[in-house]
There are 2 protein chains.
Amino acid sequence: METKDVVTALAALAQDSRLAIFRSLVQAGPAGLAAGRISELTGISPSSLSFHLKELSHAGMVDSQPSGRFVIYTANFTTMNALLGFLTENCCGGNPCSPVCMPACEPEQSRTTEKEPT
Amino acid sequence: METKDVVTALAALAQDSRLAIFRSLVQAGPAGLAAGRISELTGISPSSLSFHLKELSHAGMVDSQPSGRFVIYTANFTTMNALLGFLTENCCGGNPCSPVCMPACEPEQSRTTEKEPT
DNA sequence: TCCATGTTTCAATTATTATTGAAACATGGA
DNA sequence: TCCATGTTTCAATAATAATTGAAACATGGA
């Protein structure tokens, strides 16, 4: 992950509305949420929501997929993990300091299909 | 960690100069770096650097401590860890998904004194 | 086809943020 | 005390971002 992309990803999350949107999606897991449902959960107006979802999407933090009249949004856990990894990269000059475990989801595809050849 | 603080922390990191500064400090570890040294490493002018360091400091991402004519800055690993934790909180509704280990430094105090009664 | 629903786009307004250079402040040593 | 060094502050400028409401677009069902 390049610095430029990291800044974009962080900037996408560094905003009240978008952080709320993203957390909703993280908690929803791979099933995701329809745009309207996100609007209900967060209280963000549809037009503003759309703006922020585009922002998150452009940053690679969320993915979307049409489903009938709905558009289902999901958190992109791959980008999320890469972001967390970047921030701790070369921590303390690479010396072992204090390894910590934390949960980090994988995208649904990784478990059901053969994707992510990263 | 409250949402407001998370947004502040993310905003602090979501900027080229500040991300570069913070990574320098993460890699320097608990020993930290003098402001002038950060300026050398990143190519950021002293006045701009000072502005960004204040921003990072205000967000709790870095700490500072005068040492003679120098001011030594260090990454605040406690805030950093709290930030990473917040982002993955309640991931997938709390269901176990894919635990991942990553390094995460502790502040020097935690290893040498009795602090962090969190 | 027509209508209701769900989502996105657009334009305008308002607010916030980064950068620069000069000047100020503080410290340690001669 | 005076000077050089290291850091911060200040004011001005330029650029970017968020919110709103109205309108447009697309889909599925009657």
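Residue B:64 falls short on exactly one of the conditions (1) facing another protein chain (nearest Cβ under 9 Å); (2) of a type in the set (S, T, N, Q); (3) not in a helix (DSSP H, G or I), and that condition is (1). For region A:68-118, a residue qualifies if it is of a type in the set (Ser, Thr, Tyr), closer than 25 Å to residue B:93 by Cα and modelled with pLDDT under 60, and the qualifying residues are A:110, A:112, A:113.
In this entry, residue B:77 passes the filter for residues that are more than 10 Å from DNA strand C (Cβ to nearest atom), among the aromatic types (Phe, Trp, Tyr) and more than 16 Å from residue A:10 (Cβ to Cβ). All of (1) within 10 Å of DNA strand D (Cβ to nearest atom); (2) within 19 Å of residue B:7 (Cβ to Cβ); (3) not small (Gly, Ala, Ser) hold for residue A:46 with one exception: (2). Between A:34, A:20, the distinction of being surrounded by fewer than 21 Cβ atoms within 10 Å (Cβ to Cβ), at the interface with chain B (Cβ under 9 Å from one of its Cβ atoms) and among the small types (Gly, Ala, Ser) belongs to A:20 only. The residues in region A:1-23 that are within 13 Å of DNA strand C (Cβ to nearest atom) and either among the acidic types (Asp, Glu) or under 11 Å from the mean Cα position of the chain (by Cα) (or both) can be counted, and the count is 3. Taking the conditions (1) closer than 25 Å to residue A:75 by Cβ; (2) of a type outside the set (S, T, N, Q); (3) in contact with a Lys or Arg (Cβ under 8 Å, 6 or more places away or on another chain); (4) within 14 Å of DNA strand D (Cβ to nearest atom) in turn, residue B:12 satisfies each one other than (4). The set of residues from region A:37-57 being within 14 Å of chain B (Cβ to nearest Cβ), in a helix (DSSP H, G or I) and not aliphatic (A, V, I, L, M) comprises A:42, A:52, A:55.
Among residues of region A:31-58 that are more than 6 Å from DNA strand C (Cβ to nearest atom), those with a Cβ under 6 angstrom from a residue that is polar (S, T, N, Q), sequence gap 6+ or separate chain, pair up as A:32/A:74; A:38/A:24; A:41/A:24; A:44/A:17; A:49/A:39; A:52/A:17.
Residues that are within 9 Å of DNA strand C (Cβ to nearest atom) and among the hydroxyl-bearing types (Ser, Thr, Tyr) within region B:59-74 comprise just one, B:67. Taken together, the residues in region B:24-54 that are more than 13 Å from the chain's Cα centre (by Cα) and charged (D, E, K, R) amount to 2. Determine which single condition residue A:33 fails, assuming it passes every other condition in (1) at pLDDT below 95; (2) closer than 22 Å to residue B:88 by Cβ. Residue A:33 satisfies every listed condition except (1).
The values are calculated or read from the model by the stated rules, or taken from the named source; none is laboratory data. If you're wondering where the values come from, they're calculated on a predicted model, not measured in any experiment. Here the Cβ is made from the backbone with ideal geometry for all residues, glycine too, and neighbour counts use every protein chain on show.
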